[in-house]
Amino acid sequence: MAYSGDVTTGGAPDVRDLAALTITKVSVGPMDNNAYLLRCRATGEQLLIDAANEAPRLLELVGDAGLTAVVSTHQHMDHWVALEEVVAATGARSLVHAADAEGLPIPSETLTEGDTVTVGDCPLEVIHIAGHTPGSVALLYRDPDGIPHLFTGDSLFPGGVGNTDRDPQRFASLIDDVEQKLFGRLPDETWFYPGHGKDSTIGAQRPHLAEWRARGW
């Protein structure tokens, strides 16, 4: 079956096979968090985006191939409940933006805008999107044989940007970064994978940017 990105807590993962990278999406409870396991098809190296919860389930997904790194998209607890256990079991590096590092339960290597995180032969560009938290990041994989793939954490969803608790300054920062760094740089066919719920494309959401800015959330 073709990849849809529609997963449910406790349900089966959905797998997308690209030419060089395999993306496995799974939802973990209790808050329907998405976790993404990326595997380089050439080297077998694996990276996890958001060790959100259900460590045994995530470790089963990782399997015997091991894990080189876990990237936390931001410091909110529902995205790292399983981080300590996953890192202890696999020896993976823990990576997070410097501005969110103090919010994590274990010491972590820090990321900044423009850094590259590699999964085997596949590079992921770090894009800093401030607003949902000070150090939220998106990760961009530019597939040389296809469309770009963007992992947005809680900064961008189908239907709007992430929660900023109605804080005007935080919202302005988030919507500006999303508009300039994501919609301003990436083509419509870019597929994005959020921290909760269904996936979408930049093109499907682009017509609604002005609406989001006007409503203020």
Can you give the FRET efficiency for Ala98 and Asp188, using 1/(1 + (r/R0)^6), R0 = 35 Å, r = Cβ-Cβ distance, to the nearest 0.05?
0.65
Run the numbers for Ala172 and Val15: contour at 0.36 nm per residue of separation, minus the present Cα-Cα distance, in nm.
53.0 nm
Antiparallel bridge percentage (DSSP; both residues within the chain; nearest 5):
70 percent
Based on the Cβ-Cβ distance from Lys198 to Thr22, what FRET efficiency comes out when R0 is 25 Å, to the nearest 0.05?
0.80
Value of [θ]222 nm, deg cm²/dmol, for the chain, DSSP H segments ≥ 4, -39500 (n - 2.57) each, nearest 500
-4500 deg cm²/dmol
Spin-label zone in region 16-47 - amide nitrogen under 16 Å from a point set 7 Å from the Cα of Arg57 along the C-beta vector:
24-37
Additional length obtainable on full extension of the chain from Arg142 to Asp64, 0.36 nm per residue less Cα span:
25.4 nm
Quick one: Cα centre-to-centre distance for region 67-102 and region 9-50, in angstrom?
15 Å
Apply the a/c threshold of 1.5 to the C-alpha gyration tensor of region 96-164 and tell me whether it is rounded, prolate or oblate.
oblate
Cα lying deepest toward the dipole's positive end in region 14-215, options Val86, Ile147, Thr112, charges on Cβ:
Ile147
Where labels lie 7 Å past Cα in the beta-carbon direction, separation of Arg206 and Thr110 in nm:
3.6 nm
What ratio of Cα Rg to 2.2 N^0.38 Å holds for region 8-59?
1.14
How would you classify region 47-127 from its alpha-carbon gyration tensor, with a ≥ b ≥ c the square roots of the eigenvalues: rounded for a/c under 1.5, else prolate if a/b is greater than b/c, otherwise oblate?
oblate
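Throughout, read-outs are computed from the coordinates displayed, never taken from laboratory work. Here the structure is a predicted model, which means the values were calculated and not measured. With ideal geometry, Cβ positions are generated from the backbone for all residues, glycine too; neighbour counts draw on all protein chains shown.
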